[in-house]
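The values are calculated or read from the model by the stated rules, or taken from the named source; none is laboratory data. On a predicted model such as this, the values are computed, not experimentally measured, just so you know. Positions of Cβ are generated from backbone atoms using ideal geometry, with glycine treated the same way; all protein chains shown enter the neighbour counts.
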Amino acid sequence: MTKNETGRNRLEEALSIDSFEEAVSFLLETPKFTSKHDIKETASFLDTLGNPDRRFKIIHVAGTNGKGSVCMMMSDILRAHGFSVGLFTSPHLVDMRERIRMDDDLITAEDFLASFKNVTKAIKKRGDDYFPTFFEYLFFMAMVYYREKAPDYVILETGLGGRLDATNSVSDKLLSVITRIGLDHTEYLGDTIEKIASEKAGIIKPGIPVVYDAFVPGAAQVIKDTARKSGSECIGVSPDLISEERKLHKNIAFSLKTRYYDDVCLELGQAAHYQIENASVAVFASEYILGEKTFDPAKTKEALKSFFWPGRMQEIAPGVIIDGAHNTDGIRAFLESAGADGHDGKRHLIFSAVSDKDYTGMLDMIADSGLFEKVTVTGIKSSRGMSPEELLGGVKSGKDAHFVISDKDAYDTLSEERAGRAEDGIIYVAGSLYLVGEIMEKLKNDQL
């Protein structure tokens, strides 16, 4: 019996679900009894749902790092111009509803359950062995939810890749957006920047324009070549368009040369240096969507000034900053921001990672940075997590002088580190979104 046949056998269980909590539990179990489908099968199920995707102006976003931030920034900018926006992102940190947003609000528990029921009824209607994966289920739920809400725009973030991603099954797009490309998920997407860029560039459709991050030359060339073959307008956002970067307390200011304006002065509400790159991509994409007559630099500036994306260089308590960096490119960006924090005292880092990431590469980069007096390595509760001993096992000889092992969970490790921290010290947390999520979940009820 195939996984999807097993999923079909659990259909009656899905049909009997009558609460938000039950729906969440069922979805979390789906990886055990479902397998990924190809794009044609996903598109076929959209047809079963009545093709809700054809009712939206879709902005499709792929990339290795920065996807979620760029999606949220575009949403903020478009809403500042008076438009309603549906936003589908992944992963979530604490609440599964984080993945499906309407304007500034998470989908309600009631609407989440209703969308789950609508998708489940459509599975029964098909009468075959088709059963969605966890990500596909949520994507379909978002589509039927947005059909009811009828936003002006829907922003879709891909999951793992691009070309074969479930979100790439939509029939039409207004714009494709590709954020920074780095080495991640190499076992699925390829072991070079160019191979990964090719997979991500698979969201480019004939005649549909693409705005892309041009900071990585090898990736930029692949995207340009793909766009040319597709007859798609290609708009690159390169480093030479950004100037006058400066730190303003906990914010960052910079100037951006856009398509319509020589210089737009912008300020970001989060002090993560890498967000300048993401914001530049978001501005170019929004400017294209809105057009010269509608795009307003003042509204855009106001939107970015109040921008907030949880788990990205977020100060969750005085002197405690969490960041979702979870691959080598993300760690590069994190270290760049930490090194520019203007702090004269000591820095500590709490680190963990999952088994399918280049954790040895990340730890080597952290050691080479020389930024941290101590790096505490801890475990996480995810089934993909690793013990601190396993994580440190691959660190190159001579680079482990500042690494220590914690036998406590992530939150207790952070609490202990904070209790022993000198007043002038900063504690950073990075290495895994699961690590960040665990700490944020505990923070809902506890206080550091």
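For (1) in contact (Cβ under 8 Å) with a residue 40 or more places away in the chain; (2) under 20 Å from residue 27 (Cα atoms); (3) of a type in the set (Lys, Arg), each residue gets a yes or a no:
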position	(1), (2), (3)
82	no, no, no
87	yes, yes, no
91	yes, yes, no
96	yes, yes, no
101	no, yes, yes
106	no, yes, no
113	yes, yes, no
116	yes, yes, no
126	yes, yes, yes
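If you go through region 46-62 one residue at a time, do you hit one that is buried (at least 18 other Cβ atoms within 10 Å of the Cβ), at pLDDT below 95 and either among the aromatic types (Phe, Trp, Tyr) or touching an Asp or Glu at 6+ places or on another chain (Cβ under 8 Å) (or both)?
yes
List the pairs whose first member sits in region 325-350 and is at positive phi, whose second member is not in a strand (DSSP E or B) and not aliphatic (A, V, I, L, M), and whose Cβ atoms are under 7 Å apart, counting only residues at least 6 apart or on separate chains?
As it stands, the answer is none, since no pair meets every condition given.
For region 394-403, indicate whether the set of residues that are over 20 Å from residue 341 (Cβ atoms) and either crowded, with 19+ Cβ neighbours inside 10 Å or in contact with a Pro (Cβ under 9 Å, 6 or more places away or on another chain) (or both) is non-empty. If you could, list the steps in order and put the result at the bottom.
As a first pass, look at region 394-403 and keep what is over 20 Å from residue 341 (Cβ atoms): 394-401, 403.
From the residues that got through so far, the ones that are either crowded, with 19+ Cβ neighbours inside 10 Å or in contact with a Pro (Cβ under 9 Å, 6 or more places away or on another chain) (or both) too are 403.
So far as region 394-403 goes, yes, one or more of its residues are over 20 Å from residue 341 (Cβ atoms) and either crowded, with 19+ Cβ neighbours inside 10 Å or in contact with a Pro (Cβ under 9 Å, 6 or more places away or on another chain) (or both).
Please count how many residues of region 363-398 are part of a loop (DSSP other than H, G, I, E, B) and either under 15 Å from residue 326 (Cβ atoms) or of a type outside the set (S, T, N, Q) (or both). Give the steps one after another, and end with the answer.
Within region 363-398, the first condition is being part of a loop (DSSP other than H, G, I, E, B), and the residues that meet it are 370-373, 378-384, 386-387, 393-398.
Filter again for either under 15 Å from residue 326 (Cβ atoms) or of a type outside the set (S, T, N, Q) (or both), leaving 370-373, 378-382, 384, 386, 393-396, 398.
Here the count works out to 16.
Go through 441, 390 for me and flag whichever is under 26 Å from the mean Cα position of the chain (by Cα) and either farther than 21 Å from residue 329 by Cα or hydroxyl-bearing (Ser, Thr, Tyr) (or both).
Going through 441, 390 in turn, the sole match is 441.
Pick from 381, 374: which is within 23 Å of residue 440 (Cα to Cα) and either surrounded by 15 or more Cβ atoms within 10 Å (Cβ to Cβ) or in contact with a Pro (Cβ under 8 Å, 6 or more places away or on another chain) (or both)?
374
Are any residues in region 416-438 in a loop (DSSP other than H, G, I, E, B) and surrounded by fewer than 24 Cβ atoms within 10 Å (Cβ to Cβ), and if so, which ones?
Of the residues in region 416-438, the ones in a loop (DSSP other than H, G, I, E, B) are 420-425, 431-432.
Result: 420, 421, 422, 423, 424, 425.
Does residue 358 meet the test of being charged (D, E, K, R), within 21 Å of residue 64 (Cβ to Cβ) and assigned by TED's automatic domain parsing to the domain that holds residue 427?
Values: charged (D, E, K, R): yes; within 21 Å of residue 64 (Cβ to Cβ): yes; assigned by TED's automatic domain parsing to the domain that holds residue 427: yes.
Criteria met by residue 358.
Considering 125, 195, which residue is touching a helix residue (DSSP H, G or I) at 6+ places or on another chain (Cβ under 7 Å), closer than 19 Å to residue 329 by Cα and of a type in the set (Lys, Arg)?
Numbers: 125 fails: closer than 19 Å to residue 329 by Cα.
One residue alone meets the criteria, 195.
From the set of residues in region 309-324 that are surrounded by fewer than 22 Cβ atoms within 10 Å (Cβ to Cβ) and without any contact (Cβ under 8 Å) to a residue 60 or more places away in the chain, which is nearest to residue 280 (Cα to Cα)?
Looking at the filtered set, the residue picked out is 314.
Could you check, for region 15-22, whether at least one of its residues is surrounded by 17 or more Cβ atoms within 10 Å (Cβ to Cβ) and either modelled with pLDDT of 95 or more or not assigned by TED's automatic domain parsing to the domain that holds residue 182 (or both)?
yes
Residues checked against (1) crowded, with 18+ Cβ neighbours inside 10 Å; (2) at pLDDT 95 or above; (3) not aromatic (Phe, Trp, Tyr):
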position	(1), (2), (3)
208	yes, yes, yes
213	yes, yes, yes
229	no, yes, yes
235	yes, yes, yes
241	no, yes, yes
246	no, no, yes
250	no, no, yes
259	no, no, yes
264	yes, no, yes
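Of the conditions (1) out of contact with any strand residue (DSSP E or B) (no Cβ under 9 Å at 6 or more places or on another chain); (2) over 30 Å from residue 190 (Cα atoms); (3) not acidic (Asp, Glu), residue 413 fails just one. Which one is it?
Looking at each condition in turn, residue 413 falls short on (1).
Go through region 97-114 and count every residue that is out of contact with any strand residue (DSSP E or B) (no Cβ under 8 Å at 6 or more places or on another chain), at pLDDT 95 or above and closer than 19 Å to residue 75 by Cβ. Before you say what the answer is, go through the steps one by one.
Start the filter on region 97-114 by keeping residues that are out of contact with any strand residue (DSSP E or B) (no Cβ under 8 Å at 6 or more places or on another chain), which leaves 104-105, 108-111, 113-114.
Filter again for at pLDDT 95 or above, leaving 105, 108-111, 113-114.
After this cut, where a residue has to be closer than 19 Å to residue 75 by Cβ as well, the list is 105, 108, 111.
Result for region 97-114: 3.
Provide a single number: the residues in region 154-167 that are within 16 Å of residue 64 (Cα to Cα) and outside any strand (DSSP E or B). If you could, list the steps in order and put the result at the bottom.
From region 154-167, those within 16 Å of residue 64 (Cα to Cα) are 156-165, 167; that's our starting set.
Right, trim to outside any strand (DSSP E or B) and you get 158-165, 167.
Selection size over region 154-167: 9.
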